[in-house]
1. Being closer than 16 Å to L224 by Cα and without any contact (Cβ under 8 Å) to a residue 24 or more places away in the chain is the filter; apply it to region 173-194 and report the residue that is nearest to the chain's Cα centre (by Cα).
2. Tell me, yes or no, whether region 210-218 has at least one residue that is buried (at least 19 other Cβ atoms within 10 Å of the Cβ) and in contact with a Gly (Cβ under 6 Å, 6 or more places away or on another chain).
3. Does G165 qualify as being buried (at least 22 other Cβ atoms within 10 Å of the Cβ), modelled with pLDDT of 90 or more, of a type in the set (G, A, S) and more than 20 Å from the chain's Cα centre (by Cα)?
4. So the check is Cβ under 7 Å with 6+ separation or different chains; which pairs have a first residue in region 208-237 that's among the basic types (K, R) and a second one that's assigned to a loop (DSSP other than H, G, I, E, B) and surrounded by fewer than 15 Cβ atoms within 10 Å (Cβ to Cβ)?
5. Using the structure shown, decide if G206 is crowded, with 24+ Cβ neighbours inside 10 Å, at pLDDT below 95 and farther than 28 Å from I73 by Cα.
6. Can you confirm whether region 136-153 contains a residue that is at pLDDT 90 or above, surrounded by 16 or more Cβ atoms within 10 Å (Cβ to Cβ), of a type in the set (F, W, Y) and assigned to a loop (DSSP other than H, G, I, E, B)?
Amino acid sequence: MKRLLPLATALALTTVAPAHAQLFGGDTEARNQIIQLRQDVQGQIETTSRGQLELAMQNEQLRAEVARLRGQIELLMNEVETLKQRQKDFYVDLDARLRQIETGGAAAAPANGTAAAPAAGGDPAAESIEYEASLNLLKSGKNKEALAAFDSFTKRYPAGGFTAGAHFWAGNAALQAKDVASATRHFKTVMDKWPNENVAPDAMLGLANSQQAMGDANAARSTLKSLTERYPQSNAAQVARQRLATR
């Protein structure tokens, strides 16, 4: 019996040893898994933090861009109002001069502000009526029809008192009708033939608009610079300086 006892003890110890090793081996694996899990979570936290930082930077850039665009919009709105007022002044001046003709007053000066000279062999009254009809088409938003009417007018009265103004308004009508080539031609005609007329600075600004519409930003900028140098006191030059400052 005493011999059997050591044998039983030895067997018990042999059984417990593997179990003990298995217990501690599993604990090490669990630790490794926990460490790996911590590393994964830490990596996710760092990735999230970087993403939040990048998003904040993008939001700040967007706010700055929105502020810049708002400034440009305000500038453009002021420019539009200036152009509207200048256009209104042209029409008011024209109406006053046409009324002078209708009441038998002195020969009307054209909308560009110089004394009207009748076309060779032409009728000044008929010329003014045709010019007013063309302007009415433009005022009604019928840009293509106005362009055709002004084209016909400039051919009929190539040296008339309203011809410089007709080319200017033809350029505006063409620009509104997306006929950039015709707009460029009419604006250049004013600059070449009537550089001292009151519509010349506005024609130069119109030329810059045409060049911009054609995608030639360099040419448009050059024209704006020339406008500020050639007609520094004009309203058109003021608009040109505003545009140059935003580019």
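1. Among those residues, the one meeting the criterion is F187.
2. no
3. yes
4. Listed pairs, sorted by first residue: R221/R247.
5. Criteria not met by G206.
6. no
The values are calculated or read from the model by the stated rules, or taken from the named source; none is laboratory data. On a predicted model such as this, the values are computed, not experimentally measured, just so you know. Every residue, glycine as well, gets a Cβ built from its backbone with ideal geometry; the counts of neighbours run over all protein chains shown.
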